[in-house]
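Input: a single structure, listed below in structure tokens.
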Amino acid sequence: MRDPDDSRRGLRLRGHPLTPHSLEQRLARIQQLLALGLILLFAGFSIWISGRTLERQESTFLLDSATQMARSITVERRDTPDLSSAAEAALEEDAPIGAYIRVFDATGAEILSTPGQGAPHEHRREIRLPLEGGGSILASMSDEPRRRAVFALILALAITALPLLLVVSASSRVIARRALRPLSRIASQAENTSWDGEVRRFSSDADPQEISVLAGSFDRLLQRLNEILRAERNFTQDAAHELRTPLTVLCGEIEYAVQDPSIPPHIRDGLDRALQQARAMSDLVEALLLLLRGSDPESSARGELGQPVNLSDLVRDLDREFREAERKRAEDFAVAAEDEVLVRGHATLLASAIRNLLSNAFKFTAPGQSIRVRVFNGAGRGTVVVEDAGPGIASADRERVFDPFFRSAEARAGHEGFGLGLPILRRVARAHGGDVLVSSSALGGARFELFIPTWLSPS
């Protein structure tokens with residue numbers, strides 16, 4: 001379970017930031033590239049169409065101008081057979097604006113041109129038409145106006161495309177985030193579902209078909225996992241309950257037998273060892289039952305984990321308990337607790353969990369090594385910190401110590417136990433909506449931090 005103080009942060013999993021490899025980022029980039037491609041395609045097509053249209057208009061204009069001048073020259077030649085005189089008269093009356101007209105005789109020699117205009121030299125378009133009675137007329141014009149018009153169009157499209165691209169870039173993320181909202185919901189549900197609790201349904205009737213298929217597959221998979229977990233819990237609980245009664249009877253019978261003064265010493269020693277092992281087995285069964293209670297999702301539904309509990313009172317009671325049991329180490333043990341640290345929980349489970357912490361601290365420290373306990377409120381949760389000056393826990397084992405039945409090499413070599421204390425502690429913490437973290441202590445040993453959400457009165 002994640003830290004309850006973490007805020008909701010969009011499409012993130014366990015605090016991981018959005019990266020270029022995220023699906024949302026990829027969808028946004030695809031939309032941006034698609035928009036850029038469409039804009040470039042539209043701009044290119046517009047420029048090409050505009051250029052071709054202007055070229056056709058130039059050709060049409062030149063053809064019309066040359067045709068008009070050819071007709072005028074033909075009409076003038078009816079009155080004046082001389083081509084030069086007829087052309088001059090025609091140019092004076094009907095010279096087209098924007099076109100440069102040149103008249104050639106039958107030999108191809110230029111005899112007249114538009115007065116007051118210079119012939120376009122580079123980048124020009126020309127149309128030549130024959131004249132009745134011999135000769136030809138050439139109409140030409142520069143394509144510089146067309147080039148300027150196309151350049152102006154390119155500039156206008158570029159100025160228009162820039163804000164359009166900015167709008168698409170901003171809206172693409174919003175669209176991608178909305179499209180992936182069902183995935184964000186599924187991720188949030190998975191994030192907030194306890195791994196040992198009942199699995200909720202991920203699919204929704206409002207989901208798109210593709211997301212609905214994916215969520216349905218997850219629902220079926222998690223349903224199978226939930227059935228396996230339920231079967232495992234039921235089996236362990238049944239086995240523990242079946243063992244509790246005969247172990248209790250066995251311990252009682254052995255204790256009664258040990259009290260018989262007529263038993264020989266060697267038999268008494270054997271009975272003492274058998275009693276010790278029977279009690280250890282009984283403790284193991286109780287630990288298994290407590291482990292199941294700490295991970296039972298139904299207990300929270302019945303309200304067993306919803307009562308106000310003062311962590312400071314629990315720790316002060318445990319302080320007296322351990323000082324009585326560890327009188328020789330009273331100077332090593334120090335507790336600093338606020339007057340009232342109220343949390344929502346189950347007093348018995350929380351007391352057993354904290355007792356495991358203190359028991360481990362005493363177990364893994366030698367006389368003279370300090371054990372410090374602090375209880376305080378902060379950030380919307382009640383916190384119990386237990387740290388010691390013992391050997392500590394290796395970095396590689398700091399998460400493994402919460403696995404059931406795991407014991408480090410040092411623990412197996414010099415200390416008794418089953419490896420269930422810390423797993424019980426974590427399961428109880430998570431059943432209460434909290435967690436437990438382990439790190440290095442400033443005292444030189446291990447530092448355990450247990451935090452539970454604070455109690456909020458219904459009123």
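The values are calculated or read from the model by the stated rules, or taken from the named source; none is laboratory data. Note that the structure is a prediction, hence the values are computed from the model and not measured. Calculation scope for accessible area: heavy atoms of the full protein, side chains included, ligands and nucleic acids excluded. Shrake-Rupley method; radii C 1.70, N 1.55, O 1.52, S 1.80 Å.
From the protein chains alone at 1.4 Å, what is the descending order of accessible area for Y100, Y256, largest first? Present the calculation step by step, with values, prior to reporting the outcome.
On the way: Y100 20, Y256 165 Å².
Output order, biggest surface exposure first: Y256, Y100.
Per-residue accessible area (protein heavy atoms, 1.4 Å probe) orders L225, L311 as L225, L311, starting from the largest. Per residue, segment 31-178 exposes an accessible area of 61 Å² to a 1.4 Å probe, with every protein chain left in place.
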